[in-house]
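Trainee: Structure in structure tokens, see below.
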Amino acid sequence: MNGSLRTVAPAGAEYVGVDFADAKGVDVVLTDPYSLPFEDNTFDVVLSSLAIHNIRWNAERKKAVAEAFRVLRPGGRIVIADIRATRLYEETLRALGASNIERRSLGWRFWWGNPIARTNLVIASKALA
């Protein structure tokens, strides 16, 4: 795919970077989080790190989580680290049929100045077809 970050790891894994904004000097797929340019069931792992909280409205955040889940393969894992709305992400994933859902704090080392702005982790699996 043109504009994507693709690296082959020693085990043969392939990585694709996606960003919502222009990242100078980084080769990524530039897209919005509501219509990822990938087929359904494409990735074994989807990781979002400190990104979805930048979306202003909860309804839009739910759409972004649903879109990330859409591109996840059955049996795959979604991992979201964020400072806001992680309960919403957990509820959204549950409504989408995710299993093995975990939500937990990443501890004081991931506070952004104080405990109110702490990073939580949401992990879930997509059921096998």
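Trainee: So which residues in region 96-115 are free of Cβ contacts under 8 Å to residues at least 12 places away in the same chain and surrounded by fewer than 11 Cβ atoms within 10 Å (Cβ to Cβ)?
Mentor: Answer for region 96-115, where residues must be free of Cβ contacts under 8 Å to residues at least 12 places away in the same chain and surrounded by fewer than 11 Cβ atoms within 10 Å (Cβ to Cβ): G107, W108, R109, G113, N114, P115.
Trainee: Now, a different point. Of the conditions (1) touching a strand residue (DSSP E or B) at 6+ places or on another chain (Cβ under 9 Å); (2) at pLDDT 90 or above; (3) not aliphatic (A, V, I, L, M), E14 fails just one. Which one is it?
Mentor: Failing condition for E14: (2).
Trainee: Return yes when A127 is farther than 23 Å from Y34 by Cα, touching a residue at least 24 places away in the same chain (Cβ under 8 Å) and surrounded by fewer than 16 Cβ atoms within 10 Å (Cβ to Cβ) and no when it is not.
Mentor: On the way: farther than 23 Å from Y34 by Cα: no; touching a residue at least 24 places away in the same chain (Cβ under 8 Å): yes; surrounded by fewer than 16 Cβ atoms within 10 Å (Cβ to Cβ): yes.
So A127 fails the test.
The values are calculated or read from the model by the stated rules, or taken from the named source; none is laboratory data. Note that the coordinates shown come from a computational prediction; the quantities given were computed from them, not determined experimentally. Positions of Cβ are backbone-derived with ideal geometry, glycine not excepted, and every protein chain shown enters the neighbour counts.
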